[in-house]
Amino acid sequence: MSGIKLWMAGLALALCCGAGVARAEDKIVFVDMDKVFSEFYKTKLADAQLKDQADEYKTERTKMVDDFKKLQDEFKEVRDEAQNTALSEEARNEKRNTAEEKLVELREMEGKIRRFEESRRRQLDEQMKRVRDKLVEEIKTTISTYAKTQGFTAVLDASGENLNGVPSVLHYDARLDITTAVVDLLNTGKK
């Protein structure tokens, strides 16, 4: 996102300085993209849906971890019995073999849990990115349409910061802020 913000800051500079001075009929306005994104009702719906999926993942993972702990307890019990001198050598060998089998199961289950975590995390991250990209595209389209109908020459994001953590837009007249209008447009027809 910082690349886009740098590009937009460069665009603003080019618009203001490119031809020497901006033309009087040019109208540059500003929008707080962070605020637009967070107040867009579809963002809230998407966040809720992603949270539900994350909760499902946590539930599934918790069950797997509980099964792992049970198996771990079984392994410890059999391992301890294999060291019990009150048992015959044959019984202890049988317990040792069972303990080894449980240990193999534990390692397999541990790998399964790790693969599950990696896979689900990757799925959630990819879905989050797809949803975010779709929402940003809808927001950009709405802003572009609004800017054209209002006769704006450029719309700059006032929420960004440069690489030094300094706001990209240091000052602008609040009357040139179209954030509320954009949020209202996006939330028209809210379900």
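Note on residue 107 and residue 38: the model spin-label points, each 7 Å out from Cα along the C-beta direction, lie 4.9 nm apart. The modelled label-to-label distance for the pair residue 121/residue 68, using points 7 Å beyond Cα in the direction of Cβ, is 1.2 nm. Cα-based values for region 114-191, radius of gyration first and Dmax second, are 17.4, 54 Å.
So how strong a dipole does the chain carry about its Cα centre when Lys and Arg Cβ are +1 and Asp and Glu Cβ are -1, to the nearest 20 debye?
On the way: 34 positive and 37 negative charges, 147 e Å.
Taking the Cα centre of the chain as origin, the dipole is about 700 debye.
On a per residue basis, region 103-191 carries 69 Å² of accessible surface, using protein heavy atoms and a 1.4 Å probe. Expressed as a whole percent, the accessible area of region 113-157 that falls on carbon and sulfur atoms is 49 (1.4 Å probe).
Find the percent of Cα-Cα distances in region 49-191 that exceed 20 Å, and round it to a whole number. The share of Cα pairs beyond 20 Å in region 49-191 comes to 71 percent. Taking 7 Å steps out from each Cα toward its Cβ at residue 130 and residue 145 produces label points 2.4 nm apart.
The values are calculated or read from the model by the stated rules, or taken from the named source; none is laboratory data. The structure displayed is predicted, hence computed values, not measured ones. We place every Cβ from the backbone using ideal geometry, glycine too, and count neighbours over all the protein chains shown. The protein model used for the area step is the full one, side chains on, heavy atoms only, and it has no ligands, DNA or RNA in it. Shrake-Rupley method; radii C 1.70, N 1.55, O 1.52, S 1.80 Å.
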